[in-house]
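As structure tokens, the structure follows; a few thoughts come after it.
The values are calculated or read from the model by the stated rules, or taken from the named source; none is laboratory data. Computed from a predicted structure; not experimentally measured. All Cβ positions, even for glycine, are placed from backbone atoms using ideal geometry, and neighbour counts span all protein chains on display. The protein model used for the area step is the full one, side chains on, heavy atoms only, and it has no ligands, DNA or RNA in it. Shrake-Rupley method; radii C 1.70, N 1.55, O 1.52, S 1.80 Å.
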Amino acid sequence: MMAIGIDRLNKDGWVSLECEAASEHCLTKTIVELAREIGTPIASRNGKDICEKLRPTEADKARLHSLSKIYSLGSLPLHVDTAHWVTPCRFIILACLKPGMGNRSTILLDTRSLGLTQSQSNLLHNTPLRIENGRCSFFGTVLSNDRNFMRYDPGCMKAVCPDGNKVLDMFKPERWSGFIKKIDWHQGKVVIIDNWRLFHGRDSSVEADGDRILLRVLIQ
């Protein structure tokens, strides 16, 4: 069993590990066990496996309302996973099964490092957005004094007033280039991310990389 490095996870908001046995079976078993060390693994949707495969997907083949449906094979914006849940999952674990021909990185933005201005903070606390989740859709803000996480995903969160567009534009990676960290993948690399603290996204690819496969487990 790999050591999680919980102190570093708490300090930095993410931690990188190596899995020597990097077959799909071994990686799946390893990250599910890691997830149980931290909390409770949970499927992203009813009927889905606890461990999911993620790969760049063309829009016409992507699930409705997914980021891939909107952004296709391009880069994916910074976001938190399961932002459409009332309480997003606490952590996520990603493991590389195949890095892909495009050498595509995962990008991270630590929200604690941003030093938001009072004006930006007010905008994030006070601007309502519609969080789309079918019949369970609701309204909410990116920040709230009543919770410990930031809710942000331009894929499922929609502006309902002019300030809403300012909020959704606030976390474009180019605006925070000095704060972005990149994770370069190779087979067997495992990354645990504090989903309440860090936004993550998918960088652009130097060529088509439908062969890129990451495994993901969500943790409550």
Exercise for the section: Could you tell me what percent of the accessible area of the chain is made up of carbon and sulfur, with a 1.4 Å probe and every protein chain present? Expected result: 49
Completion exercise
Other residues with Cβ under 11 Å from the Cβ of residue 48 give, with Lys and Arg +1 and Asp and Glu -1, a net charge of +2
Exercise for the section: Answer with a single label: of (i) 50, 41, 37; (ii) 63, 41, 29; (iii) 67, 47, 32, which was calculated as Cα extents along the principal axes in Å from the structure in view? Expected result: (i)
Completion exercise
Between the modelled labels at residue 169 and residue 18 (7 Å from Cα along Cα→Cβ) the distance in nm is 4.5
Fill in the blank from the handout: Out of 164, 150, 179 - ranked by how far each Cα lies towards the positive end of the dipole of the stretch 125-207, with unit charges on the beta-carbon of charged residues - the top one is 150
Fill in the blank from the handout: Farthest towards the positive end of the dipole of the chain, among 21, 32, 47 and with Cβ unit charges of +1 on Lys and Arg and -1 on Asp and Glu, lies the Cα of 47
Practice task
Please work out how much length the chain gains when fully extended from residue 130 to residue 6, using 0.36 nm per residue of separation minus the C-alpha to C-alpha distance, in nm with one decimal.
Solution key: 41.2 nm
Practice task
Round to a whole angstrom and tell me the spacing of the C-alpha centers of the stretch 76-138 and the stretch 40-68.
Solution key: 16
Problem - C-alpha center-to-center spacing [the stretch 5-37, the stretch 160-208] in angstrom - result: 20
Problem - Contour excess over end-to-end distance, with Cα ends at residue 160 and residue 122 and 0.36 nm allotted per residue - result: 12.0 nm
Fill in the blank from the handout: FRET efficiency for residue 138 and residue 26 from the Cβ-Cβ distance with R0 = 30 Å, rounded to 0.05, comes out at 0.15
Problem - Virtual spin-label span in nm between residue 187 and residue 148, 7 Å along Cα→Cβ - result: 3.9
Exercise for the section: For the chain, report the accessible area per residue in Å² (1.4 Å probe, heavy atoms, rounded to an integer). Expected result: 50
Problem - Dipole in debye (nearest 20) - the stretch 14-119, about Cα centre, beta carbon charges: Lys, Arg +1; Asp, Glu -1 - result: 320
Handout entry: Contour minus Cα-Cα distance for residue 208 and residue 61 (0.36 nm per residue)
Key = 51.4 nm
Problem - Cβ-based net charge around residue 63, under 10 Å, with every Lys or Arg adding one and every Asp or Glu removing one - result: +3
Problem - Test item: Cα-centred dipole of the chain, Lys/Arg +1 and Asp/Glu -1 on Cβ, debye - result: 440
